[in-house]
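Below: one structure, written as structure tokens.
The values are calculated or read from the model by the stated rules, or taken from the named source; none is laboratory data. What you see is a predicted model, and the numbers here were worked out from it, not measured in a lab. Cβ atoms come from the backbone with ideal geometry, glycine included; neighbour counts cover every protein chain shown.
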Amino acid sequence: MLKWILRLAAAIILFQTLFFKFTGAPESVYIFTTLGIEPYGRIGSGIGELIAGILLLIPRFTWLGALMGLAVMSGAIFSHLTKLGIVVMDDGGQLFVMALIVFLVCAVLLWMDRKEIPFIQRWIQGE
């Protein structure tokens, strides 16, 4: 039950931000323009988040979705800490906090599913 709550929490946050990325919402355009990667970075990160969110919801591939979520959120957190700032366009730090939540949830899910990761499985079994 806990694993499903975590999967859903991360996936809902990832899916919710897709609307803004794919519709070219002013906040998203501002963020990726500031980073110098508009529009390709916005669309590319949106595609990465979409794939991660879908994989999180497929039990067999939760570990892969969590790994992708960690990667995408690492980029978001790094961007906030280095170029964007915690608060973006008077959002009160909401985007930064959501990135942290997804990052932490994905880290927990990856830990919970560590034995499902193919190369870890082979290592545990001594192959």
Checklist entry - Which members of region 28-51 meet the condition of being of a type in the set (Ser, Thr, Tyr) and under 19 Å from LEU67 (Cα atoms)? => result SER45
Next on the checklist: So the check is Cβ under 9 Å with 6+ separation or different chains; which pairs have a first residue in region 59-77 that's surrounded by 19 or more Cβ atoms within 10 Å (Cβ to Cβ) and a second one that's assigned to a helix (DSSP H, G or I) and of a type in the set (Ser, Thr, Tyr)?
Outcome noted: VAL72/SER45; ALA76/SER45
Checklist entry - Out of region 5-56, which residues are among the aromatic types (Phe, Trp, Tyr) and more than 17 Å from PHE78 (Cα to Cα)? => result PHE15, PHE19, PHE20, PHE22, TYR40
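Where in region 19-123 are there helices (runs of 4 or more DSSP H), lying fully within it, with 1 or more residues that are of a type in the set (S, T, N, Q) and under 16 Å from TRP4 (Cα atoms)?
Where helices (runs of 4 or more DSSP H) fall fully within region 19-123 and carry at least 1 residues being of a type in the set (S, T, N, Q) and under 16 Å from TRP4 (Cα atoms), they are 62-79.
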Checklist entry - When both residues are 6+ apart or on different chains and their Cβ atoms are under 7 Å apart, which pairs have a first residue that lies in region 81-93 and is within 16 Å of PRO26 (Cα to Cα), and a second that is of a type in the set (Phe, Trp, Tyr) and at pLDDT 95 or above? => result MET89/TYR30
Checklist entry - Which is touching a Gly at 6+ places or on another chain (Cβ under 8 Å) and under 22 Å from GLY24 (Cα atoms), of ALA52, ALA76, ALA99, ALA71? => result ALA52
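Does ILE31 meet the test of being more than 11 Å from the chain's Cα centre (by Cα), crowded, with 21+ Cβ neighbours inside 10 Å, more than 24 Å from PRO118 (Cα to Cα) and among the hydrophobic types (A, V, I, L, M, F, W, C)?
yes
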Checklist entry - Which one is modelled with the lowest pLDDT among residues in region 11-49 that are touching a Gly at 6+ places or on another chain (Cβ under 9 Å) and among the polar types (S, T, N, Q)? => result THR17
Next on the checklist: For the structure I just gave you, tell me whether GLY53 is closer than 20 Å to LEU104 by Cβ, out of contact with any Lys or Arg (no Cβ under 9 Å at 6 or more places or on another chain) and modelled with pLDDT of 95 or more.
Outcome noted: yes
